[in-house]
Amino acid sequence: MKRLAPLLATAGLLATALPGLAASPASAAPTPAYMRQTPAWHRCSPDRPAEYECATLKVPLDYRRPEGRTLNLAISRMKSENPAQRRGVLLLNPGGPGASGLYRPIRANAEMPKDVRDRYDLVGFDPRGVGESSPIGCGELTEVEVGVGGAYRPETFASDVSWARGIADKCRANSGDVIPYITTRNTARDMDVIRAALGERTVSYLGYSYGTYLGAVYSQMFPERTDRFVLDSGIDPGRVWRGMIQAWGTEAEPAFERWTRWAAERSDTYGLGATPEAVSAGFWALVARADRDPFMHYGEKVTGDYIRAEPSLFFDPHGASVVVKSIKASADKAPQPPGGTTPGVSGKGADRKGPGTQSPLRGVRAGGPGVDAGGASEGSDTSSANNATAVYWAVVCGDTDNWPRDPEQYARDAARDKVKHPLYGDFASNIKPCAFWQRPLEPATPMKTRADVLTVQNEWDPMTPLATGQGLHRALKGSRMVLALGGEGHGAYLSNPTACANIPVNAYLSTGRLPAKDVTCHNPPPTPDPEGAGAR
């Protein structure tokens, strides 16, 4: 991807107040009011299909105090057109954390085959804190402040610490009374409120990216209400959340090696080297050149950190080849005065964009705060970027208490990982706002209950790499996995009409029968765009 001392250690005492915590029959409390709502459906907007309906529910800010402050929860639906075939509802989540899911039923309605579509009312929602669901923010954020962290350099680490502390302070000042409750566990509780409001005994679910972790947590908190669950592009529960960011550093290395082989086989086209070793050496020479003497590329200053800032690029060998060839051409054209720097470009370390530094391909990364598995946010203006950033850190920092609190620990880890994983390891391990976040209100959810769900994974997913998808599969005992060998991009199911994951996922959603064993299918090779990843 795209972000409080535990008070629930005695959770057994709260069983009557918190959904998902069982109470004995003798002491069961009456169903709380928030679980007895009836949605007031209405047409979402005149420019949307008439059958696309919206409503707003009220959910407790703090489920331990259900009579206290509430949040709005915006939901949407498109009903099944075949009541005789209808099984129930299919709740949809596009990822994030921080992405809006309110419009998701429109997309799923258009992409799902009719025999699957007929079985469900498609239900979307904006998770708490997002979009139309009592959105939170962190005040005015610069472009740098909506990034997820920059390269580690000892001489600039103090500014990295200031960046991380500054975001935490801004978020606390602007939304501190709500942020502690913007967590995956509370969003799972909200999902169960939606289920109850729709009058359903169980709920089915399709979640991408962060949505896989949300679905996994729901399956553990509400196992008896979990019906057909598809978790596509997996978050490893054992890595939430620092380990998931660090996976961008470790898992970029195999993708980079695959790219060097691919580019070498096409040396006549890209001119990047005739062997994988030559391609690799040329790339690192380009990084060193940019570090030594930054140059301009399409109006932006290129440094070595700038080139390394998008490890996801190398999960697309064709796109990576186009981009690296283009940057190399700009480097070759740049003047190189002896002992100086490129005219008009300041020297090493100057004008550093900081932790939010972006790479030449701003649109390549199919993830990060507020970006779904389709690679596009459902809102891209300044306010939605601020909202997505606030929710991203609220969840990533507030779900777990395993973030180091000592800035020097980040410096040591980043220095180590810059050596072990030179492409992106230092970016991934560098300091994050979570170092200065308030302690979580409750611990992360253990994955102990059997979950008969279907996990789905592209082999070359840049945001939730194969290793993290496999970690999700291992964590959910009883799950089956569909692995699309050769699959590229973030999101496998319905990523395109020929995606090989479509067949087993459609079969599961139609019948409810999991495959007898894990499924490995082969995606057709992508057809390269002759323009590549743009002219950049």
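Nothing charged except the Cβ atoms of Lys and Arg (+1) and of Asp and Glu (-1): what's the magnitude of the dipole of region 370-505 about its Cα centre? Round to the nearest 20 debye.
The dipole of region 370-505 has a size of about 540 debye.
In whole percent, what relative contact order does region 39-154 give with Cα contacts below 8 Å and a gap of six or more residues?
Reported relative contact order: 23 percent.
Starting from the Cα of LYS448, draw a straight line to each of the lysines and keep only those under 16 Å, dropping any in the same chain fewer than 8 residues away.
Here the lysines satisfying the reach criterion relative to LYS448 are LYS477.
Could you order the peptides 224-237, 242-255 from most to least packed, using the average number of other C-beta atoms within 10 Å per residue?
224-237, 242-255
How high is the relative contact order of region 233-298, in percent, with contacts defined as C-alpha pairs under 8 Å that are six or more residues apart?
Computed over region 233-298, the figure is 17 percent.
Please identify the trypsin sites (Lys or Arg not before Pro) of region 67-105 that satisfy two criteria: DSSP loop assignment and at most 13 other Cβ atoms within 10 Å. Which are they?
Filter output for region 67-105: ARG69.
Once you sort the root eigenvalues of the Cα gyration tensor of region 386-536 as a ≥ b ≥ c, which label holds: rounded (a/c under 1.5), prolate (a/b larger than b/c) or oblate (the other case)?
Verdict is oblate for region 386-536.
So which trypsin sites (Lys or Arg not before Pro) in region 471-528 are both in a DSSP loop and have at most 13 other Cβ atoms within 10 Å of their Cβ?
LYS477, ARG513, LYS517
Tell me whether region 98-162 comes out rounded, prolate or oblate; compute the Cα gyration tensor, take square roots of the eigenvalues as a ≥ b ≥ c, and use a/c under 1.5 as the rounded threshold.
Here region 98-162 falls in the prolate category.
Run down the lysines and flag those whose C-alpha is under 29 Å from the C-alpha of LYS432, throwing out any fewer than 8 positions away in its chain.
By straight Cα distance, LYS432 reaches LYS2, LYS170, LYS301, LYS348, LYS353, LYS418, LYS420.
Please go through region 110-189 and write out the trypsin sites (Lys or Arg not before Pro) that DSSP classes as loop and that have at most 16 other C-beta atoms within 10 Å.
none
Taking a ≥ b ≥ c as the square roots of the Cα gyration tensor eigenvalues, with a/c under 1.5 meaning rounded and otherwise prolate when a/b beats b/c, else oblate, which class fits region 426-481?
oblate
Let's see if you can work this out: charge +1 on each Lys and Arg Cβ, -1 on each Asp and Glu Cβ, no other charges. What is the dipole magnitude of region 191-252 about its Cα centre, in debye to the nearest 20?
With only Lys, Arg, Asp and Glu charged at Cβ, the dipole is about 100 debye.
Each value in this text was obtained by applying a stated rule to the coordinates, not by laboratory testing. Note that the structure is a prediction, hence the values are computed from the model and not measured. Note: ideal-geometry Cβ built from the backbone for every residue, glycine included; neighbour counts use all protein chains shown.
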